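Data first, discussion second: the structure below is written as structure tokens.
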Amino acid sequence: MIITWSVTDGFNATTVDIADHGLLVGDGIFETMKVTDQGVFALNRHLNRLIAGAELIDLQIPARTEILAAIELVLDKLKQSNIAQARLRLTVTSGAGPVGPERGKEPFWFIRALAISPKRNAVKVHHSEIVRNEFSILNSVKSVSYLETVVAYDRALKLGFQEALLSNTQGYLAEGAFSNLLFVVKDLVITPTLKSGCLPGVGRQIVIEQFGVQEVDLLKTELVNSQGAALVSSIRGVQLIESIDAVVLPQSPALGDLLKKFDHYQSLPDEYVI
């Protein structure tokens, strides 16, 4: 079941204007958030990133109060449908505009939510040949211009993997297609720095602030020194990596412990206060 709401049509939303520049030129941003029985996990962090991203690309977005009111409407619908865990995506585009790159004058925004399963097994990851440009302005923006990521992920799926790993132009590990990365090196849990070109993920931010994960860049040639690896995001939490291509990774007790800590943290009220 998918619940859809838009600023123009409310819960009757079914279409997007064919002149919308989010569709035509990828001019828009989004946030994907996890809904639990307590509400939207890390909502403030997600909205802060949305606002910062909009400012960076000069995109007009609705007021925070408007967004919160719309999210509350969707949460009510989820409760009415007895959906306890869901993925909620908020998308804001520059709206319908003229032919060409010039922006329109009125942003368009909508929300979609669907039920998700809490189950997550260790995953097999493919090291993509597609590289992340660490100098791009879009690295810190959750942009709807997602083509590189989609291609990397699609190719990984076709090869029998569940996620793609991307390095940057200098050969440093950057991120997963839809997640940030965690590694254990010399008994230390690390994640690539923002200079690597990775997205400032909300899950990444939490493991750094709450659990002492260190920001350290790792060359892809140094993967052989890893004592384990995992993916992290606010939706999936911490998800262990079973293998990268043909290399089976050790299952790190430190990452197993971090997984449990993150799951427990999601049950606390701290990240649900607006």
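Given the conditions (1) touching a strand residue (DSSP E or B) at 6+ places or on another chain (Cβ under 7 Å); (2) modelled with pLDDT of 95 or more, which single one is not true for residue 225?
(2)
Which condition number in (1) over 17 Å from residue 62 (Cα atoms); (2) touching a Leu at 6+ places or on another chain (Cβ under 9 Å); (3) at pLDDT 95 or above is the one that residue 140 fails?
The one condition residue 140 does not meet is (3).
Mind checking which pairs have a first residue in region 208-222 that is at positive phi and a second that is not in a helix (DSSP H, G or I), Cβ under 8 Å, 6 or more apart or different chains?
Listed pairs, sorted by first residue: 212/189.
Could you tell me whether residue 36 is more than 25 Å from residue 198 (Cα to Cα) and either exposed (fewer than 13 other Cβ atoms within 10 Å of the Cβ) or not basic (Lys, Arg) (or both)? Walk me through it before giving the result.
On the way: more than 25 Å from residue 198 (Cα to Cα): yes; either exposed (fewer than 13 other Cβ atoms within 10 Å of the Cβ) or not basic (Lys, Arg) (or both): yes.
So residue 36 passes the test.
Each row is one residue, and each column tells you yes or no for (1) within 16 Å of the chain's Cα centre (by Cα); (2) part of a loop (DSSP other than H, G, I, E, B); (3) more than 18 Å from residue 181 (Cβ to Cβ).
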residue	(1), (2), (3)
119	no, yes, yes
125	no, no, no
135	no, yes, yes
139	yes, no, no
145	yes, yes, yes
150	yes, no, yes
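Being out of contact with any strand residue (DSSP E or B) (no Cβ under 6 Å at 6 or more places or on another chain) and not in a helix (DSSP H, G or I) is the filter; apply it to region 237-257 and report the residue that is farthest from residue 181 (Cα to Cα). Don't jump to the end; show me each part of the working.
We begin by selecting, within region 237-257, every residue out of contact with any strand residue (DSSP E or B) (no Cβ under 6 Å at 6 or more places or on another chain); these are 237, 246-248, 250-251, 253, 256-257.
Then drop every residue that is not not in a helix (DSSP H, G or I), which leaves 237, 246-248, 250-251.
Working: 237: 11, 246: 18, 247: 16, 248: 16, 250: 15, 251: 15 Å.
Only one residue fits best here, namely 246.
Condition test on residue 8, is it at pLDDT below 95, assigned by TED's automatic domain parsing to the domain that holds residue 82 and more than 15 Å from the chain's Cα centre (by Cα)? Even if it seems obvious, please write down each step before you answer.
Numbers: at pLDDT below 95: no; assigned by TED's automatic domain parsing to the domain that holds residue 82: yes; more than 15 Å from the chain's Cα centre (by Cα): yes.
It is false that residue 8 is at pLDDT below 95, assigned by TED's automatic domain parsing to the domain that holds residue 82 and more than 15 Å from the chain's Cα centre (by Cα).
The values are calculated or read from the model by the stated rules, or taken from the named source; none is laboratory data. Keep in mind it's a predicted model, so treat the numbers as computed, not measured. In this analysis, Cβ positions are derived from the backbone assuming ideal geometry, glycine residues included, and neighbour counts consider all displayed protein chains.
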